[in-house]
Amino acid sequence: MDEKLISFKDLSANLNKSDFPINGKLDYRALFEQTGDSVFIINPAFKIVAINPQAVKLLGYSNDELSGKSAETYLGLESSVRETIVEKRLNVFEHSIRRKDGSILPVELSSSLVYDSNGKPAYIQLIARDIAGRKQNERMLKRNMRAQSIIGEVTAVLFRSSNIEGRMPEVLESLGYAVGVFSAVIFETRNSTLRIRHKWVDPTVPEFDAEAVIEPFLDSLSKFPDRVFSVPDVPEKISNSPKISMLAIPIQGVLGSWGFLGLFDKEDRLSWLPTSFDIVQTTANLLGAAIERMHYEETLRLSERRNRIIVDALPDLLIRVDRSGRIFDYNAIPAHPLYLDAANVIGRNLYELWNKDVVEKLLPQFPNETLFALPRAVENFKLPDKEGIFEARLFPISKLEALIIVRDITEQVRLNQMKSDFINWASHELRTPLTSAILMAELLRQDCTPEEADEYLTTLSSELNRQKNLINELLMAGRLENGALRVEVSAIDLNSVLKDALLSVKPIAKKRKIALSFAPPEERNLVLGDVGALQQVFINLFSNAVKFSPENSEVSVRVERLEREVRISIQDSGIGIPADAVPHLFERFYRARNVKAAEIPGSGIGLFIVKSILEELHGHIHVDTEVDKGTKFTVTLNLADENSA
């Protein structure tokens, strides 16, 4: 038999006319083409030899594409199915076939053998009927029946349990399997903010992110908290998975709608029947009634925990006392200088712990005074055997109790002293070049020789530049302090930045007879940075190295390229930095004691600016130093992609 699709004339000639009269009462060709069912004619070798238009529409293949093709391949007729078809003259069974677009379609197949005039099997006739709708309805009916049964289970579990919180995942799992979804969550949408309170996901899909799916629809859910909200086809870019649908059912409590029950379907694309909504809504309301009590209890517990956490997180020492100084509560973090274990303090008197004069300022003993009336404070006091400076403030809680808050103000006092020192220094540093500039201007107004005029102008320019640099540093420190400094990170050539920075400090180095040693690497080093900001960093570091080095010495700059970063080291042979000064080196206005003693000019903000800029660029700086031996600063920057240049 030719494996090409045969014509109706040839097909009719080979059919048993008693079964299929061609020109009699039944026109097989008309029946073949006009029937609403899909008809496939298959030869004994299980090759497709004829199909009707409905079959073409069903599979999506054209006649030419199916000509002589294997029925096993295109209709999924495996050997066991083929044997059943051959053994039975008439057979009806359910089957799944794959269409041209790749989708799987459930069908009901009716198979019958067609005999030739000699009574031998000539063809197999398969009639396929699309039963996808019927299957869908059957699944939905089962889903509804399961969902109805779960209502009783949910009610029994939740209202008999003393641990509603712990049973919620179990309840959601039962509900999820009952209605045939792969995930069920309970969530709130307060002020367009998502909070998932309970969640269940089928273990077969552990990567599912319910938060990511719900988030884009928060505005709509918040606007209509009492409506059922459905998304038949969540975009794949949101769910990271195709063909996911979402159903959000309001959970009604005594005080109204406060959250949603979210269900996520993968197979049926949310083909819910109207009765399904009612069943799931009833379940959601039962969940709401059980959860609401838990919600209020949790709010109370959360409030208590929040207050406790706030108290525990405070950096201050809290003491609750009565009028006599007896301690009822004592709370402090272990890092507080006055920390003591509360068990060893409660019940004792404040006079046993503190100086008598400090306690008497907080709890003055006036005749007949037994009640607390007004707040009091003691500032800048010290305690025996305790490091640091403290302030204490007393606030009446009631007439019989008061709260004392003790704060460690050591750093604040130190900062205030630094600011005072800075003001004194700045006044001196700004007045000195200004006084010199005024003097040079006065001398220039007088009769002077050309040589003297050049000398006066040089001095005047130097003093004005000194004043300008100081003001620029102060302005940049202010911008850093206020967060106003912005750097534009891009791939830049580090070697070029280093060369330009060295050129800027070369005149100062030449004047002090200090050699600048720098051998640029042969390869180009692209780093992530900002040209102006990095120039500021290295000019500061190079200037410091020159300023703190003795005459006729050397400052060396080295570049080391690593796998993902590059390190730049600046080594001098200067006065070094004392060990106790290193932790404070990058604080604004800080200057080490040996620098002050040597009367080396400086603002104390250069290294603060350096570190702040490097933090903006996600870089790092490290210092190795030894007094009278020298200092090495190492800057680490991230390498940029060579292709980004």
Considering only the range 549-558, I want to know if a residue exists there that is surrounded by fewer than 20 Cβ atoms within 10 Å (Cβ to Cβ), closer than 20 Å to L614 by Cβ and among the charged types (D, E, K, R).
yes
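Looking at the range 94-143 only, could you name the residues that are part of a helix (DSSP H, G or I) and either hydrophobic (A, V, I, L, M, F, W, C) or touching a Leu at 6+ places or on another chain (Cβ under 7 Å) (or both)? Write out each step before concluding.
At the first step, the residues of the range 94-143 found to be part of a helix (DSSP H, G or I) are 132-143.
Within the range 94-143, A132, M140, L141 meet the criteria.
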Select from the range 356-382 the residues that are loosely packed, with under 11 Cβ neighbours inside 10 Å, in contact with a strand residue (DSSP E or B) (Cβ under 8 Å, 6 or more places away or on another chain) and not in a loop (DSSP other than H, G, I, E, B) and list them in ascending order.
N380
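Among the residues of the range 32-90, which ones are polar (S, T, N, Q) and touching a Gly at 6+ places or on another chain (Cβ under 8 Å)?
Going through the range 32-90, the residues polar (S, T, N, Q) turn out to be 34-35, 38, 43, 52, 54, 62-63, 67, 70, 73, 79-80, 84.
Selection gives Q54 alone.
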Within the range 346-355, residues assigned to a loop (DSSP other than H, G, I, E, B) and either closer than 10 Å to G325 by Cβ or not aliphatic (A, V, I, L, M) (or both) come out as G347, R348, L353, W354, N355
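Pick from G347, G325, G388: which is in contact with an Asp or Glu (Cβ under 6 Å, 6 or more places away or on another chain) and on the phi > 0 side of the Ramachandran plot?
Numbers: G347 fails: in contact with an Asp or Glu (Cβ under 6 Å, 6 or more places away or on another chain); G325 fails: in contact with an Asp or Glu (Cβ under 6 Å, 6 or more places away or on another chain).
Answer to the check: G388.
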In the same structural domain as Y339 (by TED's automatic domain parsing) and in contact (Cβ under 8 Å) with a residue 24 or more places away in the chain: which single residue out of E391, E369, E360, E352 fits that description?
E369
Considering only the range 383-415, state which residues are in a strand (DSSP E or B) and of a type outside the set (A, V, I, L, M, F, W, C).
E391, R393, P396, E401, R407, D408
Enumeration of residues in the range 543-570 that are of a type outside the set (A, V, I, L, M, F, W, C), within 16 Å of A501 (Cα to Cα) and at pLDDT below 90
S543, N544, K547
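Conditions (1) modelled with pLDDT of 80 or more; (2) in the same structural domain as N163 (by TED's automatic domain parsing); (3) within 21 Å of G176 (Cα to Cα), marked per residue:
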site: P206; (1), (2), (3): no, yes, yes
site: A212; (1), (2), (3): yes, yes, yes
site: P216; (1), (2), (3): yes, yes, no
site: D219; (1), (2), (3): yes, yes, no
site: F224; (1), (2), (3): yes, yes, no
site: F229; (1), (2), (3): yes, yes, yes
site: K237; (1), (2), (3): no, yes, no
site: I251; (1), (2), (3): yes, yes, yes
What are the residues in the range 622-642 that are under 20 Å from S553 (Cβ atoms) and not in a strand (DSSP E or B), if any?
V627, D628, K629
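Results for (1) outside any helix (DSSP H, G or I); (2) surrounded by fewer than 18 Cβ atoms within 10 Å (Cβ to Cβ); (3) modelled with pLDDT of 85 or more, shown as yes or no for each residue.
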residue: L439; (1), (2), (3): no, yes, no
residue: E452; (1), (2), (3): no, yes, no
residue: L457; (1), (2), (3): no, yes, no
residue: S461; (1), (2), (3): no, yes, no
residue: E473; (1), (2), (3): no, no, no
residue: E481; (1), (2), (3): no, yes, no
residue: K499; (1), (2), (3): no, yes, yes
residue: E522; (1), (2), (3): yes, yes, no
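On the basis of being under 21 Å from Q412 (Cα atoms), surrounded by 10 or more Cβ atoms within 10 Å (Cβ to Cβ) and among the hydrophobic types (A, V, I, L, M, F, W, C), does L394 make the cut? If you could, list the steps in order and put the result at the bottom.
On the way: under 21 Å from Q412 (Cα atoms): yes; surrounded by 10 or more Cβ atoms within 10 Å (Cβ to Cβ): yes; among the hydrophobic types (A, V, I, L, M, F, W, C): yes.
Considered against the rule, which asks whether it is under 21 Å from Q412 (Cα atoms), surrounded by 10 or more Cβ atoms within 10 Å (Cβ to Cβ) and among the hydrophobic types (A, V, I, L, M, F, W, C), L394 comes out as yes.
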Scan the range 615-625 and tell me whether some residue there is assigned by TED's automatic domain parsing to the domain that holds D500, at pLDDT 90 or above, under 30 Å from L415 (Cα atoms) and charged (D, E, K, R).
yes
Could you grab me the full set of residues in the range 175-229 that are under 17 Å from T283 (Cβ atoms) and assigned to a strand (DSSP E or B)?
S183, A184, V185, I186, F187, R197, H198, K199, W200, F229
Residue ID - nearest to the chain's Cα centre (by Cα), chosen from residues in the range 54-101 that are farther than 22 Å from L113 by Cα and among the charged types (D, E, K, R)
D101
Just to be sure I understand the filter: pairs with C-beta atoms under 6 Å, separated by 6 or more residues or on different chains, first member in the range 102-121 and polar (S, T, N, Q), second member in a strand (DSSP E or B). Which pairs pass?
S110/V92; S110/I127; S111/N91; S111/L126; S112/L90; S112/Q125
Can you tell me which condition E401 does not meet? The list is (1) touching a Pro at 6+ places or on another chain (Cβ under 9 Å); (2) modelled with pLDDT of 85 or more, and all the others hold.
(1)
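The values are calculated or read from the model by the stated rules, or taken from the named source; none is laboratory data. All of these numbers come straight from a predicted model, not from anything done at the bench. Please note: Cβ atoms are built from the backbone with ideal geometry, for glycine as well, and neighbour counts cover all protein chains shown.
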